[in-house]
């Protein structure tokens, strides 16, 4: 099953995108801003990103350029979205490396016509990358340290996902608390 990262600050667009893609059997992870996309990118590891071109934080153009320039995400396909009345510069989208463009509000058949072949291509690229012999495989930018041995039955990806979700939920509280303490310190 392909994983789709849907990044849009519109709750309506998120619900529509999630419904269309989930009903077709895709696993959908929704995010509301560009900075969070960068934070979650490693643990989501999407096959396709459907990203609002005018996303707050980092724009869809910025995210697309980032994805296309990092070897770890070479398999990931990017579709930029924009509202029907938002001017989307197709030349800029092409320059950023976008694999497709969608207009909102989403029409199910158009979304699926765009995403399905990209998801299939991403899966094939992912498999090809995995099957490359070790000595010819590209060296990642950063080589993480070997993780410590785990007890049987513990899935490191599930642990990482749980920690990520916990941090996502706790982060606003931590930010508010730190901001409050900074304000108190500045008022002294």
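Quick note: the coordinates plus some simple rules give every number you see, no bench work behind them. Note that this is a predicted model, so its numbers are computed, not measured. So basically every Cβ, Gly included, is an ideal-geometry build from the backbone, and we count neighbours across all protein chains shown.
Below is a table of values for the structure above.
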| item | result |
| --- | --- |
| Residue 154-residue 92 pseudo-label distance in nm [points 7 Å out on the Cα-to-Cβ vector] | 4.6 nm |
| Among 39, 20, 101, residue whose mean-square fluctuation peaks in a GNM of the chain (springs only between Cα atoms under 10 Å) | 39 |
| Within the chain, helix-based [θ] at 222 nm, where runs of 4 or more DSSP H residues each add -39,500 (n - 2.57), nearest 500 | -16500 deg cm²/dmol |
| Fluctuation leader among 72, 95, 126 - the chain, Gaussian network, Cα springs under 10 angstrom | 95 |
| The chain, relative contact order in percent, only Cα pairs under 8 angstrom and at least six apart counted | 18 percent |
| Among 82-91, 55-64, 112-121, the order from most to least packed when residues are scored by Cβ within 10 Å on average | 55-64, 112-121, 82-91 |
| Theoretical gain in end-to-end length, residue 163 to residue 9 [0.36 nm per residue, Cα-Cα removed] | 53.1 nm |
| Spacing of the two label points (7 Å from each Cα toward its C-beta) at residue 110 and residue 178, in nm | 4.1 nm |
| Cα gyration tensor category, rounded, prolate or oblate, for the chain with a/c compared to 1.5 | oblate |
| Rough spin-label spacing in nm, given labels placed 7 Å along Cα→Cβ, for residue 103 and residue 39 | 3.5 nm |
